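Structure first, then comments.
The values are calculated or read from the model by the stated rules, or taken from the named source; none is laboratory data. Note that the structure is predicted; figures quoted are calculated from it, not measured. Methodologically, a virtual Cβ is constructed for each residue, glycine included, from the backbone with ideal geometry; neighbour enumeration extends over all protein chains shown. What goes into the accessible areas is simple: the full protein's heavy atoms, side chains included, and nothing from ligands, DNA or RNA. Shrake-Rupley method; radii C 1.70, N 1.55, O 1.52, S 1.80 Å.
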Amino acid sequence: MTKDICEVEACLKDLYETTINNYETAKAACAYYNQLVEDTMTDFSVPKLKDLYKAMNERMELVKVSLRNASEAQEGMGELTRYMECGIQAPQEAIEKTKEMLSVCSDKMMTACIQFQWENDKALVRDRQWQMVESKIDRYTEENEVILPGVHYAQNKLKLTGDSDLLLYHTYRYKRQLEDELNEAVAGLRERVNRAVEDTPPNNEKEQKDRNSFLESTLKEQRAQMDKDFKTREEDLKKRNEDLLKDALRKQLQRHQETLDKKLAQREEEATAKLDRMVAEKVAAEKKIFAQQRSEMAAKLKILENKLAAHLKAEKETKRSQELWAAATSLLAATKKGCPCIAVDKELKAIQKASGGEDKLVATVMKSIPKTVWNYGVVPESVLKANYYKMEKTALKVALVEREGSPLPIYFVSWIQSLFLSFKLLDRAR
């Protein structure tokens, strides 16, 4: 018996959780759909409005499946209730406890059902509202597309081509029409409320005061709530517009910079083309001077090309000669240094590079230079002259001395002779 009642309680909990989960799923689907509709109306576009059909069908299908599952679970709970009342055998205390749990579950399921019904009613109202908006928008867009064939509202970003004044006038006319309809609806609603208040007269003056006070407080509360919602939406819209403005300014600055770059490049291309055209015109004018006949033009053009080639070759030779002269000057300056031995491999390589291998004379001279000069360098002219003068001076001093030697007087006479010869050489140098 205890096992039987425990199985009933477990099955009851399972069915209760299934029912609650399905109600919660249906309520969440309706709440998500309501928020989606509100977001779509806040950030409105025709493609987003058309996408609401898909969301509505998904919501209806999900609600249908959830309600079917919840209904099946409630039927199972009903069978358990009848089983508990008629056929179960268990202690009375366990039965009462299970009935209390069933009552609590029923209350919670009723609450979940009411919450779902509230969200579902809001979703149904949202359906009628956005479909009414869609009908107005469809008629408005169809007329605009007929008036302005370049306008396509199916795009996320509208591109206007045509007379904007006509579109503004048409939009203003629709705005006035919708305002009139809204005013009529508000007036009708006010009339219904007044009629309802008149149809239920108060029993006494106190009840009338209480009713007026309640209406005033409710009206004040609703206005405060509407003001709060309006301020919140105003702040959100202002922030969004500021962000859009910043983004638009950034994009505009970027487009402006790109436009400037394009115009600068275009101006540069135009200036280059103009310069090329001027050069071409001048060249054509120069050619036209020498072109009296077609055959003569071809011949003179050939002559001009030959002259240009010769001029380029001469310039090339001149440049090579200058480089060769500079390298040779560097080599000459290096040979006049006062060092005992000077490395001239860099100067020789510079001369060889400046010649370019085209000058046969330079190539022959470079080949005739010994390897020792490349490897060890040369003795400069100043050192050779100093050594020569030293050798000459020494030779003058021993000019009268034989190879095998001579007496000391001979050395003295030879030295005296060198002094006279030195004076003579100095006079000649002067």
Return yes when N120 is open to solvent by 60 Å² or more (accessible area, probe 1.4 Å) and modelled with pLDDT of 85 or more and no when it is not. no
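Report yes if some residue within the stretch 298-312 is in a helix (DSSP H, G or I), modelled with pLDDT under 70, open to solvent by 60 Å² or more (accessible area, probe 1.4 Å) and not aliphatic (A, V, I, L, M); otherwise report no.
Taking the stretch 298-312 first, the residues in a helix (DSSP H, G or I) are 298-312.
So of that shortlist, the ones also modelled with pLDDT under 70 come out as none.
No; the residues of the stretch 298-312 include none that is in a helix (DSSP H, G or I), modelled with pLDDT under 70, open to solvent by 60 Å² or more (accessible area, probe 1.4 Å) and not aliphatic (A, V, I, L, M).
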Of (1) closer than 30 Å to V193 by Cα; (2) open to solvent by less than 90 Å² (accessible area, probe 1.4 Å); (3) not small (G, A, S), K228 fails just (2)
Residues of the stretch 14-29 satisfying the condition of being without any contact (Cβ under 8 Å) to a residue 60 or more places away in the chain and open to solvent by 30 Å² or more (accessible area, probe 1.4 Å): D14, E17, T18, N21, T25, A28
